[in-house]
Every structure is written in C-alpha cells, then in structure tokens.
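Here the structure is laid out as structure tokens; the discussion comes afterwards.
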2 protein chains.
Amino acid sequence: MLSKPQIRAITLLQQKKFRKEQGLFIVEGIKSVTEFLHSDYSVQRIYYTTQAAAKLPKIPQNIKSVKIDDTTLARISSLKSPQGVLALVSIPDYPPLTTDVLQKGFHLVLDDIQDPGNLGTIIRTAEWFGLKHVICSIGSVDAYNPKTVQASMGSLARMQIHYTDIVKLVAYSPIPVFGAVLDGNSIYDTDFGEQGLVVLGNEGNGIGPAVLPHITQHITIPRIGQAESLNVAISAALFCAELTRKRGNT
Amino acid sequence: MLSKPQIRAITLLQQKKFRKEQGLFIVEGIKSVTEFLHSDYSVQRIYYTTQAAAKLPKIPQNIKSVKIDDTTLARISSLKSPQGVLALVSIPDYPPLTTDVLQKGFHLVLDDIQDPGNLGTIIRTAEWFGLKHVICSIGSVDAYNPKTVQASMGSLARMQIHYTDIVKLVAYSPIPVFGAVLDGNSIYDTDFGEQGLVVLGNEGNGIGPAVLPHITQHITIPRIGQAESLNVAISAALFCAELTRKRGNT
C-alpha cells in the first residue's frame with residue numbers, strides 16, 4: 001500500500017515544476033514501461049496491479065517494484081483509464097549537441113510547441129523516420145509531461161529530446177536551417193541535401209520573429225483546399241517523410 | 001441569462017446520444033463559428049460574451065444570438081479555456097454517396113477511428129489536400145464530438161463526413177481500394193491513379209478483419225527507425241500528400 005504523502009508525491013509529478021525538482025517523470029502502460037526498461041533510461045520504481053503482473057517483463061533487482069491495488073493505481077495514474085502499471089523514470093541529462101552530432105543527418109527544431117500531444121506525436125513520428133534528436137526551444141511544452149510520454153507511444157525511450165536556446169542554435173548552425181512556413185518553396189521541389197535543421201513553429205503563431213531571420217530555406221507544404229493551416233505534428237511528419245525519401249533510404 | 005435547464009440542454013450536447021436526439025452540435029471560438037456561419041451548415045443559435053461581440057461577423061437575423069456573461073459561457077463550454085463564443089449548429093443529413101461522387105478523386109475511409117482529436121486532425125488535413133469527403137465506419141467516433149470539431153479547426157464546415165457500412169462500401173467499391181497496412185508496397189512506389197478509397201484502420205488494431213479482404217492494394221509508409229506504428233492522423237496525412245503529389249496538383 002502507498003501512504004497519502006507517497007500518492008501525493010507521485011501525482012505532483014504531473015506538474016513540470018515537481019518533475020524538475022525530483023528529476024523524475026511518469027510512464028504508464030505495459031508497452032511503454034517495457035520499452036523504458038529496455039532503454040538507456042533509468043527506471044527508478046514500478047507500481048503494478050495483480051492483473052498486470054503477468055504481462056510485465058522481468059524487472060531487474062535494482063529497480064524497486066511495488067504491487068498496488070486498482071484503487072491506488074487510479075489515484076496515482078494520470079490517465080482516464082489506468083493501464084495496470086506506472087513507472088517513475090529519471091529525467092536524463094544529455095550532453096549539449098556537438099557540431100559532430102548535428103552534422104549527422106536531420107533534426108527537428110520546435111519553436112515553442114505548446115500541446116503535449118503534438119510533441120509526443122512528433123517524437124513518435126520522428127523515430128519512425130529514423131531521426132534521433134528533437135530539439136525544443138526553452139518555451140516548448142515539457143517532453144516529460146505525461147500526455148507527451150503517452151502520445152509518444154514508447155518512442156521517447158529511444159529518442160533524445162534537447163531543450164536549448166534555439167535562436168542561438170539556428171543563428172550559429174553549421175548545417176542548413178529549413179523552416180516550415182506558409183509562403184516558401186514547395187517541399188517537393190526542395191533539395192534537402194544530407195543534413196539540416198527543420199524548424200517547426202508554435203501551433204498558433206508559427207515560427208517566432210527571433211528565429212525566422214535565421215531560416216536559410218523557407219519551405220511550404222503545397223495546399224490544394226481551403227484549410228488555413230496544418231497541425232504542427234502533421235507538418236513535422238510530412239517533412240520527415242520528405243527528408244527520408246530524398247535521402248534515398250526507402 | 002440562461003436558466004439551469006437551458007445550460008444543461010447545451011452541456012448534454014457534449015454527448016453523442018443527445019446530439020443525435022437534438023440534431024445539434026457545439027462549435028466554439030470566433031474563427032470556427034465564423035467559418036460555420038459562412039458555410040452550408042445551419043447555425044441555430046449563438047452565445048457570446050461582451051468581449052467577443054466586437055470580433056464576431058454580422059449575424060444573420062434568422063439566427064438567434066444571446067449575449068451571456070463569462071461565468072455562463074464557462075458553464076456551457078466544452079473547452080478548458082472558453083473562447084468567448086459558442087454556437088449550436090444543425091447536424092447535416094447528407095445524401096448517400098453515389099458512384100458519380102465516389103469516382104471524383106480520392107476519399108478517406110476510416111475503420112473505427114476512436115480518438116476525437118485524431119478525427120478532427122484528419123478532417124483538417126484532408127481539406128488542406130483538397131479532399132471533399134471523409135467516410136467513417138458506423139463504429140467510428142462522432143465527427144460532431146466537441147473535441148473533433150475543435151481539432152478540425154473550422155475544416156469541418158467545408159468537408160462532408162459520412163457514416164456508413166464501410167464493409168459494404170469497400171466490397172462493392174467501383175474504384176480501387178487502397179489500405180494503410182504495415183506490410184504492403186511502399187507508398188512511394190504506388191501508382192494511385194486518378195481515383196480511389198484510402199482505408200485507415202483503428203488506432204490500436206488497424207484495419208479490421210471484415211474490411212481487410214476487400215483492400216485491393218496494401219500500402220505501407222516505409223519505416224527507418226524503431227517506432228512500432230504511426231498515429232493514424234499522421235498516416236492519413238502522408239497518404240493525402242502522396243495522392244496530391246501523384247496527381248500533379250502541386
């Protein structure tokens with residue numbers, strides 16, 4: 001059983017402030033927890049129900065695992081329908097991206113993305129298309145938000161998410177800086193070459209005024225109908241697909 | 001002011017059962033309400049706050065509009081952050097899709113999509129790429145769910161969403177039936193021709209066993225990384241982009 005303060009300590013991790021303080025985030029569901037167990041992340045603790053026990057992989061001895069009842073799980077879960085298992089995982093501390101790493105292929109750069117579901121979907125999609133790094137502006141939603149972790153469907157376990165001053169990054173980028181805008185060249189006619197940053201803007205306002213001057217190539221996904229814009233995760237996917245195709249990896 | 005029963009009647013429209021009964025759904029936000037006012041949809045009633053009044057377009061005299069205070073709006077709103085205006089709009093009754101209509105280009109067919117946000121994003125994306133119709137299985141989430149309306153960002157006002165027995169539809173389709181699967185031919189090597197249905201499956205289970213035998217072309221979005229699958233709205237977008245490109249409309 002968990003005490004009231006223990007339950008509270010876990011639910012507080014739904015808030016960024018307490019995640020930062022504790023250096024921990026929440027992962028839920030058999031599939032996601034399994035993927036984090038098999039990743040470079042450090043899983044600290046696993047809470048699971050009797051029903052979920054059989055479906056869990058072998059848990060290494062150094063990870064404390066605690067059997068709890070359904071009611072307790074519902075209280076610590078961030079999901080409407082809790083999925084039998086919840087893990088506390090350490091927030092990783094990646095080294096800053098070096099020029100060497102940057103020059104290996106393509107990386108998404110997110111300028112103040114706000115929706116946690118969008119960020120999770122972008123991480124999942126970027127992994128599908130073979131990217132390794134997603135770089136977020138400091139003002140972007142936290143990748144360790146439970147909704148982001150959920151939407152990433154386990155991909156967060158294998159992707160590196162960096163938070164940095166992206167204005168500096170794009171200003172001094174050693175590789176081309178592509179930006180998703182509404183009035184640029186067609187994505188289909190663009191030669192992306194072998195490396196680059198692909199900047200995607202905020203849901204409501206697009207790429208911000210501090211970043212925009214540093215975009216070296218303005219790229220647009222051609223529109224046929226009347227929709228005013230595309231969802232940012234959709235735009236990210238269309239760029240990832242295009243980079244992949246252009247690189248002849250398909 | 002609105003009475004308690006009036007407020008309740010509006011909030012009940014967040015549930016599909018009551019939307020069906022009343023033939024009404026909720027649209028919120030200046031942009032979306034404006035787009036529905038300018039569409040073929042029949043807007044029945046508009047509730048707005050003093051602050052939003054100045055931003056609203058001219059409301060035709062036959063539409064009842066009611067000024068309400070912020071507290072009342074918060075009570076009838078389905079949003080966490082209400083946006084100053086809420087409209088009740090009639091659910092349209094489209095004629096069944098004829099062969100003539102089907103043969104005009106491409107249409108998305110959704111097999112038991114469950115997430116309202118995914119459906120809204122698909123509608124928005126389909127419109128961007130010039131599609132006119134989205135066809136949903138009877139078991140799919142309701143397009144008039146407030147979260148779907150919200151995620152469609154106004155595109156629902158210009159798209160036709162049909163609910164039908166999609167097993168019959170694909171079994172007797174007069175046009176090719178493409179299906180998004182994990183082990184088909186590359187989407188990049190596929191000649192989509194000039195017309196077709198593009199079937200996308202349920203978030204967890206993909207295309208169902210009743211629909212699968214009627215897929216005439218199994219298509220896959222090539223994967224580079226390790227993510228297990230793509231979000232269905234992302235897949236839909238990648239298909240829409242590909243159809244557009246192949247038709248030389250870009």
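Only one of the listed residues (B:Val134, B:Val85, B:Val109) is in contact with a strand residue (DSSP E or B) (Cβ under 6 Å, 6 or more places away or on another chain) and over 22 Å from B:Ala180 (Cβ atoms). That residue is B:Val85. I'm trying to understand the selection: among the residues of segment B:119-154, which are in a helix (DSSP H, G or I), of a type outside the set (Ser, Thr, Tyr), within 12 Å of chain A (Cβ to nearest Cβ) and crowded, with 24+ Cβ neighbours inside 10 Å? The answer is B:Gly120, B:Ile122, B:Ile123, B:Arg124, B:Ala126, B:Glu127, B:Trp128. I'm checking my understanding of the structure. Among residues of segment A:205-232 that are among the β-branched types (Val, Ile, Thr) and within 14 Å of chain B (Cβ to nearest Cβ), which one is nearest to B:Trp128 (Cα to Cα)? Only one residue tops the list, namely A:Ile224. Could you grab me the full set of residues in segment A:37-53 that are more than 11 Å from A:Gly84 (Cβ to Cβ) and part of a loop (DSSP other than H, G, I, E, B)? Passing the criteria: A:His38, A:Ser39, A:Asp40, A:Tyr41, A:Ser42.
Hey, can you tell me all the residues within segment A:1-36 that are within 23 Å of A:Lys55 (Cβ to Cβ), among the aromatic types (Phe, Trp, Tyr) and part of a helix (DSSP H, G or I)?
Here is the first cut: in segment A:1-36, the ones within 23 Å of A:Lys55 (Cβ to Cβ) are A:1-2, A:10, A:25-36.
Checking the rest, the ones that are also among the aromatic types (Phe, Trp, Tyr) come to A:25, A:36.
Passing the criteria: only A:Phe36.
Restricting the search to segment B:104-114, which residues are within 20 Å of B:Ile219 (Cα to Cα) and at pLDDT 95 or above?
Listed by number, the residues that qualify are B:Phe106, B:His107, B:Leu108, B:Val109, B:Leu110, B:Asp111, B:Asp112, B:Ile113.
Residue selection: B:Ile187 fails the criterion of being closer than 21 Å to B:Thr121 by Cβ and away from chain A (no Cβ under 14 Å). Residues of segment B:81-120 that are free of Cβ contacts under 8 Å to residues at least 24 places away in the same chain and farther than 24 Å from B:Leu37 by Cβ: B:Thr98, B:Asp100. The residue that is farthest from B:Gly154 (Cα to Cα), counting only those in segment A:223-250 that are at pLDDT below 95 and hydrophobic (A, V, I, L, M, F, W, C), is A:Leu243.
Being surrounded by fewer than 20 Cβ atoms within 10 Å (Cβ to Cβ), of a type in the set (Val, Ile, Thr) and more than 14 Å from chain A (Cβ to nearest Cβ): is that true of B:Ile166 here? Working first, answer last.
On the way: surrounded by fewer than 20 Cβ atoms within 10 Å (Cβ to Cβ): no; of a type in the set (Val, Ile, Thr): yes; more than 14 Å from chain A (Cβ to nearest Cβ): yes.
No, not satisfied.
Looking at B:Ser173, is it under 29 Å from B:Asp93 (Cβ atoms), among the hydroxyl-bearing types (Ser, Thr, Tyr) and in contact with a His (Cβ under 9 Å, 6 or more places away or on another chain)? When the stated conditions are applied, B:Ser173 passes them.
Just checking, which of A:Leu88, A:Leu73, A:Leu56, A:Leu97 is surrounded by 16 or more Cβ atoms within 10 Å (Cβ to Cβ), modelled with pLDDT under 95 and either more than 14 Å from chain B (Cβ to nearest Cβ) or not in a helix (DSSP H, G or I) (or both)?
Details: A:Leu88 fails: modelled with pLDDT under 95; A:Leu73 fails: modelled with pLDDT under 95; A:Leu97 fails: surrounded by 16 or more Cβ atoms within 10 Å (Cβ to Cβ).
After ruling out the rest, the residue left standing is A:Leu56.
Scanning segment B:115-143 for residues that are of a type outside the set (Val, Ile, Thr), more than 12 Å from the chain's Cα centre (by Cα) and farther than 19 Å from B:Arg158 by Cβ yields a total of 2. Restricted to strands (runs of 3 or more DSSP E) entirely inside segment B:159-208, those with at least 1 residues that are over 21 Å from B:Val101 (Cβ atoms) are B:177-186.
The values are calculated or read from the model by the stated rules, or taken from the named source; none is laboratory data. For clarity, every value in this text was computed on a predicted model and none was experimentally measured. So basically every Cβ, Gly included, is an ideal-geometry build from the backbone, and we count neighbours across all protein chains shown.
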